[in-house]
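See structure below.
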Amino acid sequence: MGSVRAAWCSVPVVVLCLAGLLCANLLLYWYLEALYPVGVMPHVGRQCPPRHFKLGNMKDCIPWLQCAEVRKDVRRLKLIGQGAVKKVYLSEWKGQKVALSALVSETYRPDFLHGLSMLHSLQSVRVVQLVGACEDDYVLVTEYHPLGTPLSLDDALAMPRYHGSDTWQTRLHLVLDYVAFLSFLHNSPVGSRVMCDSNDLGKTLSQFLLTSDLRLVANDLDALPEVPRGGQGVKCGPRELTGDFVAPEQLWPHGSGTPFTDELMPGYDEKTDVWKIPDVTRFLLGHVVGSDVIHFHLFQIHADCKRYDPRMRPTAREVLSVYRSVYDTMVESHRHTRDML
Ligand SMILES: Nc1ncnc2c1ncn2[C@@H]1O[C@H](COP(=O)(O)OP(=O)(O)OP(=O)(O)O)[C@@H](O)[C@H]1O
Ligand SMILES: [Mg+2]
């Protein structure tokens with residue numbers, strides 16, 4: 001009789017234990033869900049024919065705006081950015097927000113025209129959408145991206161609108177966009193090109209824009225010299241470069257005893273961009289749950305990007321392929337952990 005009562009008494013204990021176990025499992029599940037959120041947002045193509053654009057809620061693609069339309073229909077609202085080459089104004093065109101860039105000084109006229117011609121040639125999901133231009137006035141119009149450059153990525157991800165988006169997944173997507181752009185640039189329809197406006201981390205990041213769906217597009221294409229195959233390479237400007245952000249082959253090789261001259265400075269190629277990948281990736285990944293695991297997976301490829309001899313570095317395409325497999329590994333390990341629960 002006593003043992004029957006004891007058995008009955010232990011029933012609530014067992015139920016309590018089971019409920020506790022269930023709660024612990026649920027907590028672990030929610031934690032892992034936060035660590036590895038599912039639902040990858042595809043980088044949606046614009047699906048416009050060449051020399052056409054489509055903004056926001058527009059139903060159809062329409063041809064790039066020409067001088068007459070830019071002059072008549074694009075209204076400058078306020079200055080939102082300025083670099084050495086362009087002043088950029090938030091502007092309005094038929095109820096749509098656009099960005100109008102105007103040449104700052106005659107000195108940079110060739111840079112402005114080069115940038116415009118690159119925007120023409122490299123239109124794709126990797127590059128800001130061109131809306132129109134007026135070469136005669138040194139003005140170009142592009143899609144407006146309110147989040148600005150990825151320099152303010154942490155601020156953007158802290159906005160209530162992006163609550164829950166500051167995850168390794170969002171950040172790894174930005175990194176993939178960045179390396180995919182380099183891979184595209186190095187194998188572009190207009191040859192292999194180097195991203196020269198990249199002498200420090202801030203400068204490099206300021207050449208890109210963060211879209212409202214938290215992807216990265218290249219924006220400032222004013223300094224993309226072509227690497228002639230079998231030639232002497234390119235130089236990013238006629239002045240001496242310093243610091244450890246730039247690739248070693250971009251530094252003056254003849255020692256402090258010999259004064260710098262452009263003539264004696266050897267050229268280099270697109271592998272200078274590969275040298276810079278680990279630094280940009282580190283910035284974009286930041287310090288969120290999961291980013292340390294990604295850094296661990298990227299250790300070897302980053303060591304390869306930092307090889308002193310540029311010929312020993314991987315191509316951007318190879319880096320992209322490793323990054324993609326790291327992304328797949330992360331997603332797979334997430335699935336595996338969830339299945340076990
Ligand atoms: N489409 C856009 N949407 C939102 N902000 C933009 C846009 N285009 C440019 N900007 C802002 O304006 C700034 C300057 O633009 P941009 O880099 O094209 O000028 P620049 O004179 O070529 O710069 P640099 O000195 O790097 O050559 C950008 O860093 C960005 O903050
Ligand atoms: Mg520029």
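The values are calculated or read from the model by the stated rules, or taken from the named source; none is laboratory data. Quantities reported herein were computed from a predicted structural model and do not represent experimental measurements. We place every Cβ from the backbone using ideal geometry, glycine too, and count neighbours over all the protein chains shown.
Points worth noting:
- Selection count, the range 197-206, where residues are free of Cβ contacts under 8 Å to residues at least 40 places away in the same chain and surrounded by 20 or more Cβ atoms within 10 Å (Cβ to Cβ): 1
- Look at (1) of a type in the set (A, V, I, L, M); (2) under 21 Å from L113 (Cβ atoms); (3) loosely packed, with under 13 Cβ neighbours inside 10 Å and you find that L224 fails only one, number (3).
- Residue check, V88 free of Cβ contacts under 8 Å to residues at least 24 places away in the same chain, aliphatic (A, V, I, L, M) and crowded, with 16+ Cβ neighbours inside 10 Å: yes
- Matching residues in the range 311-341 - criterion: being β-branched (V, I, T) and either closer than 14 Å to P278 by Cα or at pLDDT 85 or above (or both): T315, V319, V322, V326, T329, V331
- Counting the residues of the range 192-209 that are part of a strand (DSSP E or B) and within 12 Å of ligand 1 (Cβ to nearest atom) gives 2.
- Single match in S188, S165 (criterion: surrounded by fewer than 22 Cβ atoms within 10 Å (Cβ to Cβ), small (G, A, S) and touching a Ser or Thr at 6+ places or on another chain (Cβ under 9 Å)): S188
- Selection from the range 120-136 of residues that are within 13 Å of ligand 1 (Cβ to nearest atom) and closer than 14 Å to M195 by Cβ: V127
- Enumerated helices (runs of 4 or more DSSP H) restricted to the range 210-320, each holding at least 3 residues that are away from ligand 1 (no atom under 16 Å from the Cβ) and without any contact (Cβ under 8 Å) to a residue 12 or more places away in the chain: 299-305
- Summed over the range 201-238, residues that are within 16 Å of ligand 2 (Cβ to nearest atom) and at positive phi total 1.
- Annotation: H336 fulfils all but one of (1) loosely packed, with under 13 Cβ neighbours inside 10 Å; (2) part of a helix (DSSP H, G or I); (3) under 25 Å from the mean Cα position of the chain (by Cα); the unmet one is (3).
- Test for G95: is it under 19 Å from R75 (Cβ atoms) and away from ligand 1 (no atom under 16 Å from the Cβ): yes
- Only one of the listed residues (L284, L264) is more than 22 Å from K306 (Cα to Cα) and of a type in the set (A, V, I, L, M). That residue is L264.
- No other residue among V175, V104, V131 is more than 26 Å from F283 (Cα to Cα), crowded, with 21+ Cβ neighbours inside 10 Å and hydrophobic (A, V, I, L, M, F, W, C) apart from V131.
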